[in-house]
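Down below is the structure, laid out as structure tokens.
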Amino acid sequence: MIVFTCADCDASLTIPMSQVTLPAHAHQQHGHELLPVLMKAGTYAVDPEPSGPPWRWWEEIGAEEAEARGVYAPVFTLSAARRNRRP
């Protein structure tokens, strides 16, 4: 079990939590409406895909590397951050 704490004062921010697999519908969007709760209370998940900085330009990445990451159409940039980061 993991308890998330404040990086400055070390105060507990959560109850003990269990890591679960990221739900398949985690990146689903539906207009501007809120989606229902994705996971049970007391659980958290780590997105295996990189997100956030640093960013790499499409021209720098190329179609082959992007395809290996599951991106099949040109995009402005892709994240080059570490994979499996906790939020």
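All of the numbers you see were taken from the coordinates with simple rules; none came from a lab. Keep in mind that this is a model prediction, so the values were computed, not measured. Cβ: placed from backbone, ideal geometry, glycine included. Neighbour counts: every protein chain shown.
When the trypsin sites (Lys or Arg not before Pro) in the chain are filtered for DSSP coil states and for at most 16 other beta-carbon atoms within 10 Å of their beta-carbon, the remaining sites are Lys40, Arg69, Arg82, Arg83, Arg85.
The loop-placed chymotrypsin sites (Phe, Trp or Tyr not before Pro) in the stretch 1-65, going by DSSP, that have at most 15 neighbouring Cβ atoms within 10 Å of their Cβ come out as Phe4. About its Cα centre, the stretch 48-87 has a charge dipole of approximately 400 debye under the convention of +1 per Lys or Arg Cβ and -1 per Asp or Glu Cβ, with nothing else charged. Our helix-only sum for the chain, with -39,500 (n - 2.57) per DSSP H run of n ≥ 4 divided by its residues, gives a mean residue ellipticity at 222 nm of -4000 deg cm²/dmol. The GluC sites (Glu not before Pro) of the chain meeting both criteria, a DSSP state outside H, G, I, E and B (loop) and at most 10 other C-beta atoms within 10 angstrom of the site's C-beta, are Glu33. For mean projected area of the Cα convex hull in nm², the value computed from the atomic coordinates appears in the list (i) 10.2; (ii) 7.8; (iii) 6.5 under label (ii). Rounded to the nearest Hz, the phi-derived 3J(HN,Hα) couplings of the stretch 57-64 under the Karplus curve 6.51 cos²θ - 1.76 cosθ + 1.60 (θ = phi - 60°) are 5, 4, 4, 6, 7, x, 5, 5, where x marks glycine and proline.
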